[in-house]
Amino acid sequence: MQKVILVLACALVVVAWMADAHAEIVTKINPKDGAEMALIPAGEFLMGASAEERAAWQQAHPTGYKRDWLDDAPQHKVYLDAYYLYKTEVTVAQYRAFCQATRRKMPSEPPWKWQDTQPICNVNWNDAKAYADWAGVTLPTEAQWEKAARGGDGRSYPWGNAWPPPAKAGEFCRSRLATRLPQGAHPRRGLQ
């Protein structure tokens, strides 16, 4: 039995598991909120970062936080059962439907105003957990998130090991490479 995992974040969610760019991603729709979910197959993946990756990151980001790597070593194999993960973030419209159904208050509106097709923001873990319970899914574990984002081959990023990312690989709020992809876009496969 596959678990269903919810993604409630303000970052591009990328399902990078399939190494073959032409492989078909198995999906299903959550009947509660209409979200499309991708199947992440059972199996092992490399979790964490190797000493070489940590050294390269420190060299590339000398002012970066060293604590970012404390829990990533040593790199190790982890087995996970199959699970489903939302292909995109929970949208403002989906979260609004949840709030209306549960009589919850919407979070504080961001300065750029709510846009129904954009990811919800200004939610905390308890808000995300309440949404997941309502939608009949669970929040991802660290291992589930990392497997979906990095794939099974231990790549550093969803698109591979090189930085900077290819054009339109996602929105990187903390970098000068900020770009936007339409909801549902995948950096290696285009729109899915």
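The values are calculated or read from the model by the stated rules, or taken from the named source; none is laboratory data. Values in this document were obtained by computation on a predicted structure and should not be read as measured data. Positions of Cβ are generated from backbone atoms using ideal geometry, with glycine treated the same way; all protein chains shown enter the neighbour counts.
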Which residue out of Arg104, Arg54, Arg96 is without any contact (Cβ under 8 Å) to a residue 40 or more places away in the chain, crowded, with 16+ Cβ neighbours inside 10 Å and not aromatic (Phe, Trp, Tyr)?
Arg54
A careful count of residues in the stretch 34-74 that are modelled with pLDDT of 80 or more, in a loop (DSSP other than H, G, I, E, B) and out of contact with any Ser or Thr (no Cβ under 9 Å at 6 or more places or on another chain) gives 5
Tell me whether the stretch 71-78 contains one or more residues that are surrounded by 19 or more Cβ atoms within 10 Å (Cβ to Cβ) and touching a residue at least 12 places away in the same chain (Cβ under 8 Å).
no
Residue count, the stretch 104-138 (criterion: closer than 16 Å to Ala35 by Cβ and of a type in the set (Phe, Trp, Tyr))
2
Would you pick out the residues in the stretch 115-147 that are within 12 Å of Gln94 (Cβ to Cβ) and either surrounded by fewer than 17 Cβ atoms within 10 Å (Cβ to Cβ) or free of Cβ contacts under 8 Å to residues at least 12 places away in the same chain (or both)?
Asp116, Thr117
